[in-house]
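Structure first, commentary second.
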Amino acid sequence: MAHPGSPQTAPSTSTAAISEVDVASKLETLACQEGEQLNWRMSIVDLLKLLNIDSSLSARKKLAAELHYTGSTEDSAAMNVWLYSAVMKKLADNGAKVPADSLE
């Protein structure tokens, strides 16, 4: 409590930028804790499993629609490749540090 006449100290404010989240490091840590081998660097299904998100085909089709996929959802292989890149790009757009090769 400040005494009358004494200057009050303002709370310190940090101007440091929020550091990027290193997604690869976080996902590697999660992958090491999993009981099964998940190839999250290549597979949207494994990435979603690692994040405890529904990875079923219907869930991936819904996610693709939300992310404005314009290809055929009947070609699940092409959709999965696009979806993986779109999810990683979305993470990067929101400040995450993602592996460069995941944005190709």
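The values are calculated or read from the model by the stated rules, or taken from the named source; none is laboratory data. Predicted, not measured: the structure shown is a model, and the values here were computed from it. Backbone-built Cβ (ideal geometry, glycine too); neighbour counts: all protein chains shown.
Can you name the residue in segment 51-80 that is of a type in the set (D, E, K, R) and over 17 Å from the mean Cα position of the chain (by Cα) and, of all such residues, is surrounded by the fewest Cβ atoms within 10 Å (Cβ to Cβ)?
Restricting attention to segment 51-80, the residues satisfying the condition of being of a type in the set (D, E, K, R) are 54, 60-62, 66, 74-75.
Adding the requirement that they be over 17 Å from the mean Cα position of the chain (by Cα) leaves 61-62, 74-75.
Numbers: 61: 16, 62: 13, 74: 8, 75: 11.
Once the filter is applied, the top-ranked residue is 74.
Taking segment 3-79 and the helices (runs of 4 or more DSSP H) fully enclosed by it, the elements with 1 or more residues that are modelled with pLDDT of 95 or more and not small (Gly, Ala, Ser) are at 44-50, 57-66.
Would you check which residues across segment 78-101 are of a type in the set (A, V, I, L, M) and farther than 14 Å from residue 24 by Cα and list them? Listed by number, the residues that qualify are 78, 79, 81, 83, 86.
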